[in-house]
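Comments concern the structure below.
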Amino acid sequence: MPKLSRLRSTYLTPEEIGRTALEVFDRCEPPFSMRKLSEALGVGVSAVYHYFDSESEVIRAVVRLVFGEAIAEFTVAWTDASCTDRSPEAFLTQAAVVFRRVFLRHWRVAPYLSLEPEETEGVANLFGFVGTVFEELGVSGEQAGNAVAAYGNYVYGSVVLRAMRLSAKASAGSASQMDFRARGLESPEVPTPSIETARAIEMATSLYLADDETGERYFIAGLTMLIEGIKAVAA
C-alpha cells in the first residue's frame, strides 16, 4: 500500500478512484488526464497507478460505473408499480431511453463507450434479458444476433454522436442549421425531396442544436421504426 498523502486522511481505493474520475470527466473540459485525477484525489499520479495499470483502465472503470448507474435506473423504472406496459417493445424502448439519458448526463464519458466495460453481473443479466426479449418479439438464433446488433448500434451510435456534437458545440459554439434547398442542390441533375421531407431531414440532421426533449423524441421515433422493422422480419 502506498504512503498516505499529507493531503488525505484515508487511503485510496479503486472505488474512490473510479468515482472521482467520473466527477473529473463531468466537470472538466477534455481531455481527461491522470494529472487532473490525481489532483482531485490529493495524491501523486504514481498512487493512482498503484491501483490501475494505465489511464485506459481508469476510463474503463468510469464507463463501468456509468453502465451500473444506467442499469440501476432502468431496474427501478421497470419494476415500478406504475409501469403497466410489460411488452418487449416497452422493455427495449425504456432500456434504450434510460441508457441514453444516463450517458448523456455524463456526456464527456460517452465517446469512450467503444472501450467496452469489463463484464459485470449487471451487464451480463441485462444482455440475458435483452436476448429473451428479442425471442418474445419472434427472433431467435442468428436473427436474434442481427437484431441485437442493429439495436445496440442504433442506441450506442445515437448516444456517442449526440455526445460528440455536444463536445463540438462546447468547443466551437453554435452552428447554423443545414438547409438543403437553399444550398443550390435544387437542380435537374440532383433529385430533391418535398419541402416537408426536406425540412424534416434538416431538423433530424441538426440535432446538436436541439434541446434534450426534442432529441429524445427523435431518438424514440427512430427506435420505434427499428423495433417494428425487426418484428416485420420475424413475421
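The values are calculated or read from the model by the stated rules, or taken from the named source; none is laboratory data. Not measured: the values here are computed from a predicted model. Positions of Cβ are backbone-derived with ideal geometry, glycine not excepted, and every protein chain shown enters the neighbour counts. Remember, those area values only see protein heavy atoms, side chains included, never the ligands or the DNA or RNA. Shrake-Rupley method; radii C 1.70, N 1.55, O 1.52, S 1.80 Å.
What separates the Cα centres of segment 52-89 and segment 131-173 is a distance of 15 Å. For segment 24-129, the solvent-accessible area of protein heavy atoms averages 51 Å² per residue (probe radius 1.4 Å; ligands and nucleic acids excluded). Accessible surface ranking for GLU202, GLU57, 1.4 angstrom probe, highest first: GLU57, GLU202.
Most tightly packed first, judged by the mean number of other beta-carbon atoms within 10 Å of their residues, the peptides 212-222, 102-112 read 102-112, 212-222.
Kirkwood Rh and Cα-based Rg: tell me the resulting Rg over Rh for segment 19-69, rounded to two decimals. It would help to have the intermediate numbers written out before the result.
Details: Rg = 10.3 Å, Rh = 11.0 Å.
Value, to two decimals: 0.94.
Taking the protein heavy atoms of segment 80-167 in the context of the full set of protein chains, the accessible area attributed to carbon and sulfur is 55 percent at 1.4 Å. In this simple spin-label approximation, ALA124 and GLU29 carry label points 7 Å from Cα along the Cα→Cβ vector, and these lie 4.3 nm apart. For GLN143 and SER114, what does the FRET efficiency come to when R0 = 41 Å and r is the distance between their Cβ atoms, rounded to the nearest 0.05? Here the calculated transfer efficiency is 0.95. If the chain linking GLU202 and ALA232 were pulled fully straight, counting 0.36 nm for each residue of separation and taking away their Cα-Cα distance, it would gain 8.0 nm.
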